[in-house]
Amino acid sequence: MKKLALLATSALISVAVTAPALADFQTRNIRVSNGINEDHPVGNGIKVMNACLDEKSGGKMKITAFWGGALGGDLQATQALRSGVQEGVVTSSSPLVGILPALGVFDLPFLFANDKEADTVMDGEFGDMINEKLEAVGLVNLGYWENGFRNLSNSKRPVTKWEDFEGMKIRVMQNNIFLDTFQNFGANATPMAFGEIFSALETKAIDAQENPYVTIDTSKFYEVQKYITETNHAYTPFLFLFSKPIFDSYSTEEQAALRECANLGRDEERKVIRELNLKSLEKIKEAGLEVNKLSPEEQARMLEKSKVVYDKHKDEIGADVVDRIQEILADLRKS
Ligand code: TK8
């Protein structure tokens, strides 16, 4: 009898310890929009994130992802987050410079030399500093996912030096640094939302666009392009943004679960996208595109030619922000 009573008490205690934790989770249907398609590695990342949320919240928190711009483009979705009418978006940083000019730092041409540099900058104090600035404009960044190094595709001619851009009609993101970079190479650059690229290439309204191989593959741009050049001219990250007004209404446990699960998702996404990169290039080749690479000398020439773009945009990005990233990169290159 005594033993039973004891057992009953300890059962009560264990309920008392675990119950409040679960009560801290409510049913949350988290809508996350994407411009890219579900077979992009962001899809793998979101799967992992969902499994993690499911476990932590006892099935209460769940992401529903929308693909191919079904909830609107990057900029439109981000504004919906700021006004608290949508939970999340996976967006390139570049179209958001009108909201936060400091993000333009990632658009500076030939800034990063490789993945490792990008990861170190994004996951370190520099990434944290940008995250603080994002919070001030109503956006919680759950993490830097990989979009990747950007390469040029076109339907006109092989491009192996900047002079080959002459007169080429190229789509750029809604971003003045990209606009100036390509105008400066002699191209005729047009800012356009991601969702309009395919048909603009198909109808020849534009000749060219630039995106990582995996995006050119999963968004099928190779179907309407003839040439591709590995330019690696920019590494613009994906931000996994969450609406700050909605985030602030969540419990501490829910917020922590989102942050932890987003990190797991990011690790998976980065792993998958890096494995897929060369496979995507193979697929693009098999589709019949002519592939060229910029020589290191030409990359250096393009960077030199782009110094005017750095100078023109430095103050608007924030001189302190540009100086800081250059110091961090210089240190990394020493070690
Ligand atoms: C997808 C975009 C895309 C970006 C672009 O929504 O616009 O070219 O590289 O990944 O964010």
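The lysines whose alpha-carbon is closer than 29 Å to the alpha-carbon of LYS285, local same-chain residues fewer than 8 away aside, are LYS116, LYS156, LYS161, LYS169, LYS204, LYS220, LYS226, LYS271, LYS293. As a calculated quantity, the FRET efficiency between GLU298 and ILE99 at R0 = 25 Å, using C-beta atoms, amounts to about 0.15. With R₀ fixed at 30 Å, the C-beta to C-beta distance from ARG274 to ASN29 puts the FRET efficiency at about 0.45. For the chain, modelled as a GNM whose springs connect Cα atoms under 10 angstrom apart, the maximal fluctuation among ASN34, ASN114, ASN154 occurs at ASN114.
Taking amide hydrogens as placed 1.01 Å from N in the peptide plane, the amide H of LEU111 sits under 5 Å from those of TYR235, each at least 5 positions away in sequence or on another chain.
Remark: the chain carries 44 Å² of accessible area per residue (probe radius 1.4 Å; ligands, DNA and RNA excluded).
Other residues lying with their Cβ under 12 Å from the Cβ of GLY138 contribute a combined charge of +1, Lys and Arg counting +1, Asp and Glu -1. Other residues within the sphere of radius under 14 Å centred on the Cβ of PRO191, judged by their own Cβ, net out at -3 (K and R +1, D and E -1). The residues packed around ASP123, meaning those with a beta-carbon under 14 Å from its beta-carbon, carry a net charge of -4 if Lys and Arg are +1 and Asp and Glu are -1. Which whole DSSP H helices in the chain pass both tests: a Cα extent of 20 Å or more along the axis and a mean Kyte-Doolittle value no lower than 0.5? Result, helices passing both filters: 2-23. Within the same chain, lysines fewer than 8 places from LYS56 are excluded, and of the rest, those with a Cα less than 18 Å from its Cα are LYS47. Each of THR190 and LYS116 was given a label point 7 Å from its Cα along the Cα-to-Cβ line. The distance between the two points is 4.2 nm. Full extension of the segment from ASP331 to GLU316, taken as 0.36 nm per residue of separation minus the current Cα-Cα distance, would add 3.0 nm.
Close amide-amide hydrogen proximity is noted between ARG31 and THR64, GLU87, GLY88, each under 5 Å apart and 5 or more residues distant or on a separate chain (H modeled in the peptide plane; Pro and chain starts excluded).
The modelled label-to-label distance for the pair GLU230/GLU38, using points 7 Å beyond Cα in the direction of Cβ, is 3.2 nm. Here region 23-90 exposes an accessible surface that is 46 percent carbon and sulfur, computed with a 1.4 Å probe and the other protein chains kept in place. Kirkwood analysis of region 49-96, using all unique Cα-Cα pairs, places the hydrodynamic radius at 12.0 Å. Of all the options ALA102, ALA113, ALA262, the one that moves most in a Gaussian network model of the chain with Cα springs shorter than 10 angstrom is ALA113.
How large a share of the accessible area of region 165-317, in percent, is made up of carbon and sulfur atoms when the probe is 1.4 Å and the other protein chains stay in place? Exposed carbon and sulfur together represent 49 percent of the surface.
Amide hydrogen proximity for ASN188: with H placed 1.01 Å from N in the peptide plane, the residues at 5 or more positions away or on another chain lying under 5 Å are GLY167, MET168, LYS169, ILE170.
With helices as the sole contributors, the chain gives -15500 deg cm²/dmol at 222 nm; each DSSP H run of n ≥ 4 counts as -39500 (n - 2.57), and the sum is divided by every residue.
In this Cβ point-charge picture (+1 for Lys and Arg, -1 for Asp and Glu), region 278-328 has a dipole of about 240 debye about its Cα centre.
Scaling against 2.2 N^0.38 Å puts the C-alpha radius of gyration of the chain at 1.12. Averaging the inverse of every distinct alpha carbon separation and then flipping it gives the Kirkwood radius. What is it for region 165-280, in angstrom units? Evaluated on region 165-280, it is 16.6 Å. The Kirkwood radius of region 82-239, taken over pairs of alpha-carbon atoms, gives through the Stokes-Einstein law at 4 °C and 1.567 mPa s a diffusion coefficient of 80 µm² s⁻¹. Structure remark: mean-square fluctuation, Gaussian network model of the chain, C-alpha springs under 10 Å; the largest value among GLU146, GLU254, GLU210 belongs to GLU254. Roughly how far apart, in whole Å, are the Cα centres of region 174-239 and region 250-276? Measuring centre to centre over Cα atoms gives 28 Å.
Extension gain for the segment ARG324 to GLN76, taken as residue separation times 0.36 nm less the Cα-Cα distance, is 86.3 nm to one decimal.
Computed extension gain for LYS161 through LYS307, at 0.36 nm per residue and net of the alpha carbon distance, reaches 50.9 nm.
The values are calculated or read from the model by the stated rules, or taken from the named source; none is laboratory data. Given the structure is predicted, the values throughout are model-derived calculations rather than measurements. A quick note on method: Cβ atoms are made from the backbone with ideal geometry, for glycine too, and the neighbour counts reach across all protein chains shown. The accessibility values were calculated without ligands, DNA or RNA, using every heavy atom of the protein model including side chains. Shrake-Rupley method; radii C 1.70, N 1.55, O 1.52, S 1.80 Å.
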